[in-house]
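The values are calculated or read from the model by the stated rules, or taken from the named source; none is laboratory data. Since this is a predicted model, take the numbers as computed values, not measurements. Ideal geometry is used to build each Cβ from the backbone, glycine not excepted, and the neighbour counts take in all protein chains shown.
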């Protein structure tokens, strides 16, 4: 029974394979949208699974939407890394044929309370870099060290991205609330 | 939510949910990982995990010991567990087979609102009104009402023809009277009205009703809707006899059984309201010939607990006498509403302290004499939803009402649903639900599970004991979209559902252009026929005719050829329910000239569409508003609104 807590144990393997089967196509799709190249997209997916494997415990249920978002965000970041490498120069996500700021489907479907709506809007307004690290932090309880490892970034970079992202988010929320009050 | 951190967490949770929604289903993704990559990923070493590397050394020893213990103690149970099916990784739907199951239940409720009267609501909102970006209107979503006579832009009384014209240069609206002759137009009178947007006509006996909206010279913040009533004793010179006006922008209007119904919606801010204030500012104003009409409290319905002052005003006018019969006001928040000749239904969701509240449907009956409240029902309850969801995947479930009808004393509700059964996003059920609610709020319903995503429920026929539904679905594989017909038989205790999947109405594919075929609008006509408007990349349009006398086996009587009956059409075909004549506008691809082809329909003929005539038009001819009217056994095609009315007789 205690075997199950050991890393690389059968339940972990099963969990990993389940994540793989459930999300591999979506991850490939996400990477392909950025790279437009099957070979590079596959590399990105492979890199993403390597990162996911290192932080398997962040995932509690392979099938739920949080996991779908987690793995595709990871695949997206790996694809962006490959894109940067291929280009040898930084590129803005907006330059890519990859839409990240779709209208909020959830708003049309759900009745959100005002506070939540404001914060969700602020989340969508965040720069992609900050949004991803904050997402890992808030949603999957990952530490700066874990996020750095997951994304292959310097830990200090991630720490400052977390700090700056939080302050931008809070300022944006305050701004929106202030705007709502003005109205 | 206890604190801001929790709310931010929740927002990221929603963000994750939203992002996962945007991802296509696996069967919509054409490419796959190569075998080589698959092999590499499957062989990733899971023990190479940073914070476990140290632990693994310790655990190796413990593992060895435990293996021995396991072998000794748990071999029997290990063996027995192997005989059980492994369901831990089964994330597919439990029931792949479609099932239809009828249920009867009592989930109807009577309570309309916790407030005793409008004063109590105003007092409360004076202190607690929710600030919204705009003081809202009541939204129309699923307007059904194919049993009512809708607004027109040209009507005729005898040989006199009345049309609305909007001067494209000045934007000034006019009501133009003309006389129908076979070969030329004679405008006998022009009533110019620069103040109002004229937006529709009704005629009843010798009275002409001209609907208007948004008087421009008044305050920008307020909107008005009204009707000019003209006497046609001298039809050549309509005489204005009355104006009835109400607050708010026009939501809808229709006539039925000699009564005219006008809905408008408006909102005012109640911030700071106290009982000393002038209450009249917060309730709808209705004026007859400029004089205010008092609306009694019993004519004001408060639906649940609105957080803002938004109301829908309904005025009912007796068209024979031109008298205002009644005014009703419905105080509500952001809602969808559905109306028809004998009912209005409001679908309402309010914010609560918690995250999400299930919507409730408030049902009202409308008769010639009165408007009465029947009760409310929560469709979520039918699925065992809690009234207010807590934070879990279940909160993402939804029921979307598509249409509401009332036949006799019974409301018919058509909706699609998507129910998350657990945190597992793959553990869901979806399909459509047909609900009947009688005058005692007794509920009967049937559910059709559907594995494909339900796209929408389209046009519905309202025969006595039957409804025809179009289910459009995003489906699997190559086919992106298809629709089939469902016949619902209401003669049974619970609705009986007959699906007709053998007859796919539309099929779109992203792989084979030749298969691309999409049915857009379905018009029901006669008892046994349906006309289907088809569209192929806007390059051809055709009409099918179907026989649905056998509910479980709908068949084609006539299927439009691939070339269709027209070459190019930029708008839907205006099919007239009560006429055998219909017109199709088309444009010649080479010359860009427009024409209208007039067809007569004979279902029994081998080719049911007999072209009567073609009316050639100019190249700039593209009017959205026109009518086909009949006078002395002759038909007239009357373009109007964007052009001075003219007619083309055939």
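Restricting attention to region A:26-61, and to residues there that are under 15 Å from the mean Cα position of the chain (by Cα) and not in a helix (DSSP H, G or I), which single residue is nearest to the other protein chains (Cβ to nearest Cβ)? If we take residues in region A:26-61 being under 15 Å from the mean Cα position of the chain (by Cα) and not in a helix (DSSP H, G or I), then A:55 is nearest to the other protein chains (Cβ to nearest Cβ).
Applying the selection to region A:1-25, what residues are within 7 Å of another protein chain (Cβ to nearest Cβ) and either farther than 20 Å from residue B:20 by Cα or modelled with pLDDT under 85 (or both)? Matches in region A:1-25: A:2, A:3, A:6, A:7, A:8, A:12, A:13, A:14. Here the condition is being in contact with a strand residue (DSSP E or B) (Cβ under 6 Å, 6 or more places away or on another chain), farther than 30 Å from residue B:114 by Cβ, assigned to a strand (DSSP E or B) and at pLDDT 90 or above; of B:301, B:254, B:263, B:230, it holds for B:230 alone. I'd like the full set of residues that are under 17 Å from the mean Cα position of the chain (by Cα), under 13 Å from residue A:127 (Cα atoms) and either within 14 Å of chain B (Cβ to nearest Cβ) or not in a helix (DSSP H, G or I) (or both), limited to region A:148-172. Selection gives A:162, A:165, A:166, A:169. Restricted to strands (runs of 3 or more DSSP E) entirely inside region B:358-436, those with at least 3 residues that are within 14 Å of another protein chain (Cβ to nearest Cβ) and modelled with pLDDT of 75 or more are B:398-407, B:410-420.
Out of region A:35-52, which residues are within 15 Å of residue B:31 (Cα to Cα) and crowded, with 21+ Cβ neighbours inside 10 Å?
Applying the first criterion (within 15 Å of residue B:31 (Cα to Cα)) to region A:35-52 yields A:35-45.
Hits for region A:35-52 are A:35, A:41, A:42, A:44, A:45.
The set of residues in region A:62-74 that are within 9 Å of chain B (Cβ to nearest Cβ) and either under 21 Å from residue A:145 (Cβ atoms) or assigned to a helix (DSSP H, G or I) (or both) comprises A:65, A:66, A:67, A:68, A:69, A:70, A:72, A:73. Within region B:536-557, the set of residues being surrounded by fewer than 20 Cβ atoms within 10 Å (Cβ to Cβ) and at pLDDT below 65 comprises B:536, B:537, B:538, B:539, B:540.
In region A:114-144, the residue that is modelled with the highest pLDDT out of those that are more than 17 Å from residue A:66 (Cα to Cα), within 8 Å of another protein chain (Cβ to nearest Cβ) and surrounded by fewer than 19 Cβ atoms within 10 Å (Cβ to Cβ) is A:115. Give me a count of the residues in region B:10-54 that are within 7 Å of chain A (Cβ to nearest Cβ), at pLDDT below 80 and either assigned to a helix (DSSP H, G or I) or under 26 Å from residue A:128 (Cβ atoms) (or both). Of the residues in region B:10-54, 16 are within 7 Å of chain A (Cβ to nearest Cβ), at pLDDT below 80 and either assigned to a helix (DSSP H, G or I) or under 26 Å from residue A:128 (Cβ atoms) (or both).
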